[in-house]
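The next block holds one structure in the form of structure tokens; read it before the comments.
The values are calculated or read from the model by the stated rules, or taken from the named source; none is laboratory data. Note that the structure is predicted; figures quoted are calculated from it, not measured. Methodologically, a virtual Cβ is constructed for each residue, glycine included, from the backbone with ideal geometry; neighbour enumeration extends over all protein chains shown. Remember, those area values only see protein heavy atoms, side chains included, never the ligands or the DNA or RNA. Shrake-Rupley method; radii C 1.70, N 1.55, O 1.52, S 1.80 Å.
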Amino acid sequence: MSDKAPEGHHPVSEPPRRTFLKTGLAVAGAAAAGLATKAEAAIPKSPPGGETRFVAPPLLSPSAAPDPGHQTPLPAQGRTIEAPLHGIPAVVEPTGAPRDDQVAYKTFDLDLQIARHTLLPGVEAHMLAFNGRVPGPTIRVMEGDWVKVRFKNRTELMHTIHWHGMDVPYTMDGVPWVTQDPVRPGQTFIYRFQARPAGTRFYHCHFGTLLHMQSGMHGAFIIEKPNDPIRQRFPYTRDYVLILTSWDLNFIREELNAMLRRMKERMLLMELGKLDPQTMGVFRTYEDFQRALESGYMPPYTTQRLAGEGRATLNFNFFAINGKCYPSTENLLIREGEWIRIRLINAGQLEHYMHLHGHQFFIVAEDGNDLPEPIEQNTVRVSPGKTADIVVYGNNPGYWTFHDHDTRRVTNNGIYPGGILTVLAYEGIDGPYAPKVALDE
Amino acid sequence: MRRWAFLILGALAAPVLASPASARDVGADVVPRITIGGRLISTLNATWLQGDGRDDDDLYDVSIADTSILTRFDRRLFDRSVGGAVVGLEFPDPDADFTDSVFYHRVFAFLWDRGYQVELGRTKLRNFLVEFPTLRDDDLLRFTEILNGFSNSNTEEYHQFGNHLALDLFWPQRFLQVTGYLAQRIETDPAGEMKEEFDLNSGGLFLQRTVPGPLKFSSRLRQLGVGWDAQKVDVDGDTWKHAFVAGGVVNLTMDPLDHWEAVAQVIYDTGAGDRDLTTDQGRALAESVAVAAAVNYRHSTFQVLRWKAALTAAYKDYRDEDAAEWSVVPTFQYRLGDGMGLLAQYQYTRRSGDLATAVGFDQEHTVQIGLSFDFETTFNDYIGERQSILNMEHGYVR
Ligand SMILES: [Cu+2]
């Protein structure tokens, strides 16, 4: 465990004040920071009484504070694996983080099952769903909180959880075969770490990442600071999380089926004690791998194992915000004179260029880290793996589309409009034109 | 005059030359899922016949029989079920009536959804419950399939293929399948020539529990079923020939790398009319019991199948005659690569009593050594399989 506060990550704020938990370990807390910039003069205050609202994906409550509406995993829709095979530990708790009696952990429960996910009416797909949802629920904590995530794998596949953009102990980083063995079917893996640095971050599976992350295994992880300088400067009252993804539904279906078939056989082999490293495709050292090749091992990439057309490239056909494609995406609501914050997370494989009509917004953070100075724009590029936070001021009542300006991603199965498109809608206006639902232009 | 003729010809040609797409509605042209599969099997055969009052006979040939190519097109329909077509052609056995040509063995339209499948057209008839691990599916045809009582040809395709309307109903969670069919089996004249026309002349009903391939290790009992087939043969005062079949497949080991399975099937055929074993039709119309069983071993390394070996044995008793036959077939296939196999098979058949007299020899040895190439490729798969693991275990997605 490092006890260093992540000072370097907070260029906007003053150096973090240090607080000490009972363990004596230092945690980062953000100081209240008075900001005086040229942008501030033009910024009106948000309406009084404005309440902070978080929109989908649903917030995951800590297990100690039951909140059934938010935290209960959806009921399983099919076969689940509740316990690992004989001889495999049911729970894995790696070292590298303080023990439960050393710090006060906020505990979150994530399980994983295969669920039928509706992208939009008429399009359903099997996906890997944290707590039965795509994307997974949002975890929101304060910087410096100690977080414990009990991750139970109820599928027949193997997984991990990687905490993207977070400075966790390496044994908690969730990279299979590099920092941990993958979480076996029926097994629970307990991740423990301190939430830092503050900002818009996310979590995703790192096993078979191309398939698993795309198939739904991602969710937002928001780390707030006590006196967020962004909020002080742009007093937003609503805080939206928008996870952008792209799907090749045919790849997902074919590969999930193929992986399940391979894994069913591997589970049988494990029971028989015949699952050797070569069948798993995992070797202790590079030399072992080379020796295996000499003795007849055929690496999967030489036998073109990909299902179906053996594609090396994906043919993305659906694009989503928070697991939904337009017109099933949720509107972003704003009132005149209100600031809102939008946290964009690219959990997909394509670049997205999010463009807002009728407004100039401020990009205030990138990769979760506050920018030294907000940038005023109307289009923000979000690359795979990146996050971008923007704040919008409600100064132009109406209905304004917010969409990927690579309009190939504003399609459903090739038909425009669809995909990554939503509407910034002003509440309480009575304009001469109201949005309809358009499916074919 | 010539101009008129030209215009008329042009008008006639127009619908033919127009692309199929332009003949359709203004909706988008959806490319179907396209599956192309095929198998080339080429063997060097050596056959020795031995019989009473007959010199031993040796035959050597190269056989490409059973080589086939199959194309399949699937499309989602308005109600999200699936419809499509299959067109396939096959190279027949050397002793078939049409050796020099190809045989369109499968030409049919189909509809399917989670709970049903309908086929209308020509395809392989539902003459059997289980498949046996011989090199070609007709190596033990007389033992493993319900025979066609309308054909007096030695063309095996006439037993295996025909036109039918078949309806399968599925209860996926119970692995249950009920099949009903009306079939138009191929009829020949006494000389073995295909008749110019013939009716829907047979039908049947099958019930089975069958575990789909991707879930083959989910249950020791992979398949178990019974079936009934009736053919309206109208010979010598007998209107109907009935056949009853029962069979199944069992996983002997649940080991995907060293996998043993057992396969067995019995067919009781009531026969009809005079039981004259000297003709092909007479043998198909004889009352008989046929039993076949096989043990099949598959060896894989790193979850890749490398070789398989099987031993199949079959026995058939012609009940009212002093006649029986049996056959033993060891088969070996070594995979040189994905879809390329080195094949070897020996088949010993012994006939006794009136059957040996009728056929003219009582012992037959066949050795086959060869190569096979098979493939199956799916393009634009936007549909998936009814019996995929996801659809079977995690709810059906249309
Ligand atoms: Cu995973």
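Applying a DSSP loop filter and a limit of 15 other Cβ atoms within 10 Å to the trypsin sites (Lys or Arg not before Pro) in region A:293-394 leaves A:ARG311.
The distance between label points at B:TRP171 and B:LEU207 comes to 0.9 nm (points 7 Å beyond Cα on the Cα→Cβ vector).
Among A:THR407, B:TYR382, A:LEU249, whose Cα sits farthest toward the positive end of the charge dipole of the protein assembly as shown (+1 at Cβ of Lys/Arg, -1 at Cβ of Asp/Glu, about the Cα centre)? Sorting the options by dipole projection puts first A:THR407. Tally Lys and Arg at +1 and Asp and Glu at -1 over the other residues with C-beta under 10 Å from the C-beta of B:ARG351: what net charge comes out? Around B:ARG351, the surrounding residues sum to -2. Considering only the other residues whose Cβ falls under 11 Å of the Cβ of A:HIS355, what net charge follows from Lys and Arg at +1 and Asp and Glu at -1? Net charge around A:HIS355: -1. In order along region B:353-363, the Karplus-derived 3J(HN,Hα) couplings, from 6.51 cos²θ - 1.76 cosθ + 1.60 at θ = phi - 60°, round to x, 4, 5, 4, 5, 5, 7, x, 8, 10, 9 Hz, and Gly and Pro are given as x.
Ordering A:ILE363, B:SER372, A:HIS162 by Cα displacement along the dipole of the protein assembly as shown toward the positive end leaves A:ILE363 in first place; charges were set at the Cβ atoms of Lys, Arg (+1) and Asp, Glu (-1). The alpha carbon convex hull volume per residue for region B:133-177 rounds to 121 Å³.
Could you give the dipole magnitude of region A:59-226 about its Cα centre, charging the beta-carbon of Lys and Arg +1 and that of Asp and Glu -1, in debye to the nearest 20? Please report the intermediate quantities before stating the final value.
Numbers: 15 positive and 15 negative charges, 31 e Å.
Dipole magnitude for region A:59-226 comes out near 140 debye.
In terms of accessible area, using a 1.4 Å probe and ignoring ligands and nucleic acids, B:ASP236, B:ASP276, B:ASP74 rank largest first as B:ASP236, B:ASP276, B:ASP74. Taking the inverse of the average 1/r across all pairs of different Cα atoms in the protein assembly as shown, what Kirkwood radius in Å do you get? One decimal place: 31.5 Å for the Kirkwood radius. Can you list the residues in region A:112-148 whose accessible area drops by at least 20 Å² when all protein chains are present, compared with the chain alone? Use a 1.4 Å probe, heavy atoms only. Those are A:ILE114, A:ARG116, A:GLY122, A:GLU124, A:HIS126, which lose 20 Å² or more relative to the chain on its own.
Taking 7 Å steps out from each Cα toward its Cβ at B:GLU287 and B:ASP274 produces label points 1.8 nm apart. Considering only B:TRP228, B:LEU215, B:PHE128, and ranking their Cα positions along the charge dipole of region B:110-236 that arises from unit charges at the beta-carbon of Lys, Arg, Asp and Glu, the one farthest toward the positive end is B:LEU215. Check which residues have an amide H placed less than 5 Å from B:ASP362's amide H, if you skip close sequence neighbours. Answer set, sorted by chain and number: B:GLN50, B:GLY51, B:ASP52.
Whole-Hz Karplus values for region A:162-171 come out as 9, 9, 6, x, 10, 9, 9, x, 5, 6 Hz, taken residue by residue from phi with 6.51 cos²θ - 1.76 cosθ + 1.60 and θ = phi - 60°; glycine and proline positions read x. Of the residues B:GLU157, B:GLU187, B:GLU321, which exhibits the maximal mean-square fluctuation in a Gaussian network model of chain B defined by a 10 Å Cα contact cut-off? For chain B, modelled as a Gaussian network with Cα springs under 10 Å, the answer is B:GLU321.
I'd like the FRET efficiency for A:ALA438 and A:THR209, computed as 1/(1 + (r/R0)^6) with the beta carbon distance as r and R0 of 30 Å, rounded to 0.05.
Working: r = 35 Å, r/R0 = 1.16.
Efficiency at R0 = 30 Å is approximately 0.30.
The largest accessible area among B:SER68, A:SER295 belongs to the first residue in A:SER295, B:SER68, and the rest follow in falling order (1.4 Å probe, all chains). Among B:ASP138, B:ASP338, B:ASP168, the largest mean-square fluctuation in a Gaussian network model of chain B (Cα springs under 10 Å) belongs to B:ASP338. Only helices enter this figure: runs of n ≥ 4 DSSP H residues, each worth -39500 (n - 2.57), summed and divided by the residues of the protein assembly as shown, yield -2500 deg cm²/dmol at 222 nm to the nearest 500. Distant-in-sequence amide contacts of A:LEU332, defined by a placed amide H-H separation under 5 Å and a gap of 5 or more residues or a different chain, comprise A:VAL423, A:LEU424, A:ALA425.
Legend: residues A:TRP177, A:TRP400, sorted from most to least accessible area (1.4 Å probe; ligands, DNA and RNA excluded), read A:TRP177, A:TRP400. What is the log10 of I(q)/I(0) for region A:59-226, computed with the Debye formula using one identical point scatterer on each Cα and no solvent, at q = 0.08 Å⁻¹? So the normalised log intensities are -0.22.
What is the antiparallel percent of DSSP beta bridges lying wholly in region A:73-174, to the nearest 5?
On the way: 9 of 17 bridges.
The answer is about 55 percent antiparallel.
Cα to Cα, under 17 Å, and not fewer than 8 places away if on the same chain: which aspartates and glutamates meet these conditions relative to B:LYS216? Filter leaves A:GLU156, A:GLU265, A:GLU271, B:GLU131, B:ASP255, B:ASP258, B:GLU261, B:GLU385, B:GLU393.
Seen from a random direction on average, the alpha-carbon convex hull of chain B projects onto 24.6 square nanometres. The separation of region A:71-106 from region B:72-92, counted between C-alpha centres, amounts to 46 Å. With contacts taken as Cα pairs under 8 Å at a separation of at least 6 residues, chain B carries a relative contact order of 15 percent. Listed values for region A:254-268 are Karplus-derived 3J(HN,Hα) couplings in whole Hz (6.51 cos²θ - 1.76 cosθ + 1.60, θ = phi - 60°), namely 5, 6, 4, 4, 5, 5, 4, 5, 4, 5, 4, 5, 5, 5, 5, and x replaces Gly and Pro.
Taking amide H as placed 1.01 Å from N in the peptide plane, the amide H of B:PHE375 sits under 5 Å from that of B:GLY38, each at least 5 places away or on another chain.
Can you tell me the dipole magnitude for chain B around its Cα centre, using point charges on the Cβ only (Lys, Arg +1; Asp, Glu -1), in Debye to the nearest 20?
Working: 38 positive and 58 negative charges, 504 e Å.
Computed charge dipole of chain B: roughly 2420 debye.
Expressed in whole Å with the largest first, what are the equivalent ellipsoid semi-axes of region A:249-302 derived from the C-alpha gyration tensor as the square root of 5 times each eigenvalue? Provide the component values of the computation, followed by the final result.
Details: eigenvalues 113, 53, 13 Å².
For region A:249-302, the semi-axes come out at 24, 16, 8 Å.
Between A:TYR301 and A:ILE375, what FRET efficiency follows from the Cβ-Cβ distance if R0 is 41 Å, with the result rounded to 0.05? Efficiency, from the Cβ-Cβ distance: 0.45.
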